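One structure is given here, and the rest of the page talks about it.
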2 protein chains.
Amino acid sequence: MTSSPPALLTDKYELTMLAAALRGGTAHRRTTFEVFARRLPDGRRYGVTAGTARLADVLQQFRFDSGMLDELAAFCDQDTLNYLADYRFAGDMDGYPEGELYFPGSPVLSVHGTFAECVVLETLTLSILNHDSAVASAAARMVSAAEGRPLIEMGSRRTHEQAAVAAARAAYLAGFAGSSNLAAQRSHGVPALGTSAHAFTLLHTTTRQDRSDWEKAAFRAQVAALGTDTTLLVDTYDITAGVAHAIEVGGPQLGAVRIDSGDLGVLARQVRRQLDSLGATGTRIVVSGDLDEFGIAALRAEPVDSYGVGTSVVTGSGAPTAGMVYKLVEVDGIPVEKRSTHKQSHGGRKQAARLAKASGTAVEEVVFPVDEPPQTPAGLIGRPLTVPLVRNGEPVADFTLAVARERVARGLTELPWNGLSLSKGDPAIPTRIVPPARAGTVR
Amino acid sequence: MTSSPPALLTDKYELTMLAAALRGGTAHRRTTFEVFARRLPDGRRYGVTAGTARLADVLQQFRFDSGMLDELAAFCDQDTLNYLADYRFAGDMDGYPEGELYFPGSPVLSVHGTFAECVVLETLTLSILNHDSAVASAAARMVSAAEGRPLIEMGSRRTHEQAAVAAARAAYLAGFAGSSNLAAQRSHGVPALGTSAHAFTLLHTTTRQDRSDWEKAAFRAQVAALGTDTTLLVDTYDITAGVAHAIEVGGPQLGAVRIDSGDLGVLARQVRRQLDSLGATGTRIVVSGDLDEFGIAALRAEPVDSYGVGTSVVTGSGAPTAGMVYKLVEVDGIPVEKRSTHKQSHGGRKQAARLAKASGTAVEEVVFPVDEPPQTPAGLIGRPLTVPLVRNGEPVADFTLAVARERVARGLTELPWNGLSLSKGDPAIPTRIVPPARAGTVR
């Protein structure tokens, strides 16, 4: 079993809360839930919003069929089962479009509807946004570290099989050139890339010949099937011999060689010299093997043409979840907030804008009550961040990945100079949360 | 879209290798691929094998339908498409049963069949085993840190929505009492647990009353729907008032209170005293909020009855992937191995046994060529670790979770005393890899 129906991708307590609210007569109060991150993980300077499109899509499939209801009858009363049988999210969502950068407190998503229809979406909403934003946030750092060289996501084997598909999408959204994952191509149009592994070379082992013959047999088979524009993996045995065999078999027009182990910088230089000396001046060098944003940055000065990145990108490079929460902020027009230690939230339905200098450099994230937009200070330009995403349960935004990719790229160029630093530090810009001013506010 | 068909949960290069092997005439060589971890993550003392049952199950669904083949035609030739159209894994798998501990080099899984039928399973096999083993390995440390107190997995919202289901299963396999995830109950029989969140209390905010009334209204609604054996969340506003309200509403027979923020040890002691003073001596205390194995251990001396664990367990507590690899080790009876820098593998089809003293304490993991079992040293007891898992593509092992749970518990009791240490260090026992002795070996 690799997948379960969306409506069961839910914590049990969402349904026990629903049951209690139905019984108590509070289930149909109008509510707003807000998704935000209290902090960025691990000294990060920014986060990248991702997953919103997957959420809007899965909303359409969030239904409880009779088999599911039979099982839920173990702990849900008949009123709750009746409610779930007819469930369809008919509310609205506003928030940051995919690819928009976010900071601590940014209202990445606001979900509006009855308590009943909003509460059951909590777990799934957070699962999607936390996973996809974690991967996109790590991937964006790698993209900026690579300074224009293409990155290939190849970490499917290092994460849950279905998470791999979403991870490939999130990495692509953040600027990766493509992914090894075939399902991501099918589901999301992410270009699928990749050619061969060490196993293919080893497959050509026989009792009769020596390793050079085995490796050349493997290369010949690959070139015969995939053409000379393929990428040959040259480090199964000896790299220098591997490169010589690659060019002997593929000719100087060979597409690329891949190095997957060892000191990648040293090897890239050595392989570049060797390729050039063999006349293969156009043959590219692909490196892979435990690369993260720091490893990518460390190879900037080396003759590397593209990077394959696995574990680090799909696991968020040390921050496998974005840590976003889904908090009730408004009930029947009354701002509400938790007041216990350490976990305070800010009540009221909010929107956000990013303020920038005339030069375009961002200076501040401003989060304000939805009907109280603040004045933009003189000399600054305010860009609204909150857009309509879902109306009456239907997606209304432009969710295309190409647009989201452009948004990430633009967002990164707007950061102040230290916002792209890979070292740990404060968020690239501060977040200012404007409290509600109205008299009716209950605090 | 929350899920894709199993056969596309695959790296593109598995299929380009297949195409090249079909064309080169090597696709039908008999092969063995071995899954193992070169090292344990992050100073861990042991790993817990998990995911094997999910893999055996998904094998039955690993098929390419005509829609998928149409898409693959973009880069696969007709021979490859014909092969995939008829694909069904008809080989064998041997390996460690779920719940068995593993160490660096342990042959956790061996996959036997033609190159073609084995190579296409690489990505999916690793995705499942790496994810599930990472979660189970972290969870087992938490279980041993909790020293018998129940743990509830509630991290669904902190990981990909489908990964959450597998994570709940893996945590349960390792000894957790249950999970918040409803799909894990449906798919895997993991007990679903959980009652309410802060949003439920905040839902009872009105303009007319004060917070005490709001909180009591929420508690009354929950108790009315779920009975007095429920768990009331007492830290939305003031914890002391929350506990008083909880007992006022639920009576001294209230099931439990949950504390989700603040200094959990201090608060647990204070809440225990308060509950006892109110006569609620049987009311349990559940704590949650950013707990990991270290946080759990730190609460050993406190009056905590159970722990809710989220982010840390579903993300492997710092090690979100087990880092296992899938390596070709034998072709047509010839052991093969990669020989490049840093990533050497050990050729040949292998099995493993764990050696223990007469007292039952494990002393060594021995990995040996499949037809050359070594002598067990005098005074030690050898327990075979490798069992048949799949024959002709069909599951043959006992994959029940209850058995796997017992296996984890037994494995942990067999470790030497420092094997349960939470601090970073060497693997609890060393792995000895016995090389093949036969003359026919190509090295």
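The values are calculated or read from the model by the stated rules, or taken from the named source; none is laboratory data. Predicted model only: the values in this text are computed from it and were never measured. In this analysis, Cβ positions are derived from the backbone assuming ideal geometry, glycine residues included, and neighbour counts consider all displayed protein chains. Remember, those area values only see protein heavy atoms, side chains included, never the ligands or the DNA or RNA. Shrake-Rupley method; radii C 1.70, N 1.55, O 1.52, S 1.80 Å.
Values as computed for the structure displayed
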{"quantity": "Contact order normalised by residue count of chain B, Cα under 8 Å, 6+ apart, percent", "calculated": "23 percent"}
{"quantity": "Estimated FRET transfer efficiency (A:Ala301, B:Thr207; beta-carbon r; R0 60 Å; 0.05)", "calculated": "0.40"}
{"quantity": "Net dipole in debye of the range A:308-419 [+1 Lys, Arg Cβ; -1 Asp, Glu Cβ; about Cα centre; nearest 20]", "calculated": "240 debye"}
{"quantity": "For peptides A:127-136, B:267-276, sequence by mean Cβ density within 10 Å, most packed first", "calculated": "A:127-136, B:267-276"}
{"quantity": "B:Val387 versus B:Lys357: modelled label distance in nm, points set 7 Å from Cα along the beta carbon direction", "calculated": "2.7 nm"}
{"quantity": "Mean separation of Cα contacts under 8 Å (6+ apart) over length of the range A:114-241, as relative contact order %", "calculated": "17 percent"}
{"quantity": "For A:Asp426, label point 7 Å along C-beta direction: distances to other copies, nm", "calculated": "4.6"}
{"quantity": "Probe 1.4 Å, protein heavy atoms only - accessible area per residue of the protein assembly as shown in square angstrom", "calculated": "34 Å²"}
{"quantity": "Solvent-accessible ranking of B:Asp260, B:Asp70, largest area first, probe 1.4 Å", "calculated": "B:Asp70, B:Asp260"}
{"quantity": "Residue (of A:Val190, A:Ser277, A:Ser261) at the positive-pole extreme of the range A:145-314, dipole from beta-carbon charges", "calculated": "A:Val190"}
{"quantity": "The range B:101-159 shape via C-alpha gyration tensor axes, a/c threshold 1.5", "calculated": "oblate"}
{"quantity": "Other-copy label distances relative to B:Asp263, 7 angstrom Cα-Cβ extension, nm", "calculated": "5.0"}
{"quantity": "All-pairs alpha carbon distance profile, the protein assembly as shown, 10 Å steps from 0, percent", "calculated": "2, 12, 22, 24, 20, 12, 6, 2, 0"}
{"quantity": "Relative contact order (%) - criterion: Cα under 8 Å, at least six apart; region: the range A:145-314", "calculated": "26 percent"}
{"quantity": "Solvent-accessible area lost in complex, 20 Å² minimum, residues of the range B:165-189 relative to chain alone, 1.4 Å", "calculated": "B:Ser180, B:Leu182, B:Ala183, B:Arg186, B:Ser187"}
{"quantity": "Residue among A:Glu248, A:Glu215, A:Glu117 with the largest mean-square fluctuation in a Gaussian network model of chain A, springs linking Cα atoms under 10 Å", "calculated": "A:Glu248"}
{"quantity": "Binned Cα-Cα distances of the range B:7-103, short to long, each 5 Å bin given as a whole percent", "calculated": "2, 10, 17, 19, 16, 13, 10, 7, 4, 1"}
{"quantity": "Approximate spin-label separation A:Ala378-A:Thr240, in nm, with each point projected 7 Å along Cα-to-Cβ", "calculated": "7.1 nm"}
{"quantity": "Estimated buried accessible area (total), pair B and A, 1.4 Å, Å² to nearest 100", "calculated": "9000 Å²"}
{"quantity": "B:Asp398/B:Arg273 FRET efficiency (R0 60 Å; Cβ-Cβ; nearest 0.05)", "calculated": "0.80"}
{"quantity": "10 Å Cβ neighbours from other chains, averaged over peptide A:75-82", "calculated": "1"}
{"quantity": "Buried on assembly, the range A:105-133 (at least 50 Å² less accessible surface than by itself, 1.4 Å probe)", "calculated": "A:Ser127"}
{"quantity": "Rounded if a/c under 1.5, otherwise prolate or oblate - the range B:282-332, Cα gyration tensor axes", "calculated": "prolate"}
{"quantity": "By accessible area with a 1.4 Å probe, ligands and nucleic acids excluded, highest first: order of B:Trp214, A:Trp417", "calculated": "A:Trp417, B:Trp214"}
{"quantity": "Theoretical gain in end-to-end length, B:Asp263 to B:Ala73 [0.36 nm per residue, Cα-Cα removed]", "calculated": "62.5 nm"}
{"quantity": "Quotient of C-alpha Rg and 2.2 N^0.38 Å, computed over chain A", "calculated": "1.15"}
{"quantity": "Percent carbon-and-sulfur accessible area, chain B, ignoring ligands, DNA and RNA, probe 1.4 Å", "calculated": "50 percent"}
{"quantity": "Under 5 Å, built H, 5+ apart or other chain: amide partners of A:Leu233", "calculated": "A:Arg258"}
{"quantity": "Trypsin sites (Lys or Arg not before Pro) restricted to DSSP loop in the range A:1-91 with at most 16 other C-beta within 10 Å", "calculated": "A:Arg38, A:Arg39, A:Arg63, A:Arg88"}
{"quantity": "Dipole in debye (nearest 20) - the protein assembly as shown, about Cα centre, beta carbon charges: Lys, Arg +1; Asp, Glu -1", "calculated": "1440 debye"}
{"quantity": "Antiparallel bridges, percent of DSSP beta bridges restricted to chain A (to nearest 5)", "calculated": "65 percent"}
{"quantity": "Two-site label geometry, A:Asp371 and B:Gln253: point separation in nm, points 7 Å out along Cα→Cβ", "calculated": "4.8 nm"}
{"quantity": "Shortest-first nm distances, A:Phe75 label point to equivalent points in other copies (7 Å, Cα→Cβ)", "calculated": "4.4"}
{"quantity": "Dipole of chain B, positive direction: furthest Cα of B:Ser359, B:Gln222, B:Gly67, with charges on the beta-carbon", "calculated": "B:Ser359"}
{"quantity": "B:Arg149/B:Asp332 FRET efficiency (R0 51 Å; Cβ-Cβ; nearest 0.05)", "calculated": "0.45"}
{"quantity": "In degrees, nearest ten, helix B:161-173 long axis to first principal axis of chain B (Cα)", "calculated": "90 degrees"}
{"quantity": "Residue-averaged beta-carbon neighbours from other chains (10 angstrom radius) around B:140-148", "calculated": "0"}
{"quantity": "Accessible area in the full protein assembly, largest first, 1.4 Å probe, for A:Phe200, A:Phe399", "calculated": "A:Phe399, A:Phe200"}
{"quantity": "Sequence-distant lysines (8 or more away, or on other chains) whose Cα lies within less than 27 Å of A:Lys338", "calculated": "A:Lys12, A:Lys327, A:Lys350, B:Lys216"}
{"quantity": "DSSP-defined antiparallel bridges as percent of all bridges, the range A:145-314, nearest 5", "calculated": "0 percent"}
{"quantity": "DSSP bridge pairs, the protein assembly as shown: antiparallel proportion in percent, nearest 5", "calculated": "65 percent"}
{"quantity": "Prolate/oblate/rounded call for the range B:316-385, Cα gyration tensor, a/c under 1.5 rounded", "calculated": "oblate"}
